[in-house]
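Q: Sharing a structure here in structure tokens format.
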Amino acid sequence: MLREVTATRYVEPLHSGGSVPGVVEADDLGTYVVKFTGSAQGRKALVAEVVVGELARALGLRFPELVLVHFDPELAAHEPHQEVRDLLDASPGVNLGMDYLPGARDFTPKAAETFAVDPLEAGRIVWLDALTANVDRTVHSSNLMIWPTLGTVPPRLWLIDHGAALVFHHRWDTSAPDKAYDFRHHALGRYGPDVRAADAELAPRVTPELLRSVLAEVPDAWLADEPGFAGPEELRAAYADYLAARVAASAAWLPTDFPGRAELAAEEARRAARTRAGRPDWLKRVPDLHGKPAAEKDWSAHLE
Ligand SMILES: Nc1ncnc2c1ncn2[C@@H]1O[C@H](COP(=O)(O)OP(=O)(O)OP(=O)(O)O)[C@@H](O)[C@H]1O
Ligand SMILES: [Mg+2]
């Protein structure tokens, strides 16, 4: 079960997040990024956070601990932004906290220049996103963090923010479990994700028992009053059945035609050639480093 903590201090809103999560300290001395029930994204975003996050953890991916946070809006009486206060006033009671990773960096194409992405791990992440129809792990918004960034422990990829996954729960009656996944802008598409290996490894592990145990973590209150369902238990079963059917249909949605390494290298060479072609003559003689530090040893060409 998810641990329960009580918020003791509202530190600040994270304006970079669309749902304006808050950094909150709690009575276990932990610090959490809290997603609020009163946000415009609504309770379904919190359901998706729990289901996909706990599924990721069960499959061995790195994902910060989730906790249920009892929150009293009085804690944020000092918050100067009226719209943030409105959000918090609409969120008394249980909200969702994610362990705050101090010093973590967002994974971006720039950050990836100095961070080696493992194709097997990338494959597992893409596979999970395709299974759970996550539309929010793109080049522009990776929802992946690099952590830790200080000390001697090597930095690793951490998954965050699955609020936009499980898109099918917005259209229960029309969503087919074998629907293809649009992976063209996936944040890890450029790093050779081995999705076939991930499918072979992970699909057998997504059992009905695992799905049931993941759904059991979602509080009843976030599953209540869904039109077409008699109650939280029936809705939990619908999520589990849908995901089980989708795992079984992986051949239909498995994204397989990611560009390979050779293709990516050729594309990079074409891009560099285009850049060179657009340069004035004098600049063509300067090496094209694409933002990398100069490593040129032989300067004779510049001294003619
Ligand atoms: N556990 C965490 N530790 C450290 N920083 C975090 C953590 N979770 C989120 N952040 C930071 O806060 C930002 C916003 O978080 P998140 O993406 O979860 O919010 P959101 O409201 O769902 O955002 P959006 O929908 O705009 O992507 C992240 O991009 C990241 O920089
Ligand atoms: Mg995000």
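Q: For LEU188, LEU2, LEU87, what's the fewest-to-most ordering of other Cβ within 10 Å of each Cβ?
A: Details: LEU188 27, LEU2 18, LEU87 23.
Lowest count first: LEU2, LEU87, LEU188.
Q: Neighbouring Cβ atoms within 10 Å as the yardstick, rank ILE125, ILE146 fewest first. Let's see the in-between values first.
A: Numbers: ILE125 27, ILE146 21.
Lowest count first: ILE146, ILE125.
Q: Averaging sequence separations of C-alpha pairs under 8 Å and six or more residues apart, then dividing by the length of the chain, give the relative contact order as a whole percent.
A: Relative contact order comes out at 17 percent.
Q: What are the extents of the Cα atoms of region 92-156 along their three principal axes, listed from largest to smallest and rounded to whole Å?
A: Its Cα atoms span 41, 31, 20 Å along the three principal axes.
Q: Just to confirm my numbers, what's the Cα centroid distance between region 148-189 and region 233-258 in Å?
A: Region 148-189 and region 233-258 have Cα centres spaced 14 Å from each other.
Q: Determine the sum of side-chain charges near THR256: Lys and Arg each +1, Asp and Glu each -1, restricted to other residues whose C-beta is under 11 angstrom from that of THR256. Mind dumping the intermediate values first?
A: On the way: positive: ARG196; negative: ASP194, ASP199, ASP257.
Counting the neighbours of THR256, the net charge comes to -2.
Q: Now, a different point. For the chain, what does the helix formula give at 222 nm: sum of -39500 (n - 2.57) over DSSP H segments with n ≥ 4, over the residue count, nearest 500 deg cm²/dmol?
A: On the way: 9 runs with 97 residues, N = 304.
Only helices count here, giving -9500 deg cm²/dmol.
Q: Still on this structure, I have one more. For region 189-260, what log10 I(q)/I(0) values come out of the Debye formula at q = 0.12, 0.16 1/Å, with one point per alpha carbon and no solvent?
A: These q points yield log10 I(q)/I(0) values of -0.46, -0.69.
Q: Additional query: If you take every DSSP beta bridge fully contained in the chain, what fraction is antiparallel? Give it as a percent rounded to 5. Walk me through the intermediate numbers first.
A: Working: 26 of 30 bridges.
Close to 85 percent.
Q: Does region 51-191 come out rounded, prolate or oblate, given a ≥ b ≥ c as the square roots of the eigenvalues of its C-alpha gyration tensor, rounded meaning a/c under 1.5 and, failing that, prolate meaning a/b above b/c? Before the final figure, lay out each step's value.
A: Values: a/c = 2.00, a/b = 1.23, b/c = 1.63.
Cα axes put region 51-191 in the oblate bin.
Q: For ALA187, what is the net charge nearby, where nearby means another residue's Cβ is under 12 Å from its Cβ and Lys, Arg count +1, Asp, Glu -1? Intermediate values should be presented prior to the final figure.
A: Details: positive: ARG137, ARG184, ARG190; negative: ASP106, ASP129, ASP136, ASP161.
Cβ neighbours under 12 Å give a net charge of -1.
Q: Follow-up question, since we're still on this one. Once you charge only the Cβ atoms, +1 for Lys and Arg and -1 for Asp and Glu, what is the size of the charge dipole of the chain about its Cα centre, to the nearest 20 debye?
A: Details: 32 positive and 45 negative charges, 294 e Å.
The dipole magnitude comes to about 1400 debye.
Q: Would you compute, for the Cα atoms of the chain, the largest minus smallest coordinate along each principal axis and list the three values in descending order, in whole Å?
A: 79, 50, 35
Bear in mind that the values in this text are calculations on the coordinates, not laboratory data. Just so it is clear, the structure is predicted and the values come from calculations on it, not from any experiment. In this analysis, Cβ positions are derived from the backbone assuming ideal geometry, glycine residues included, and neighbour counts consider all displayed protein chains.
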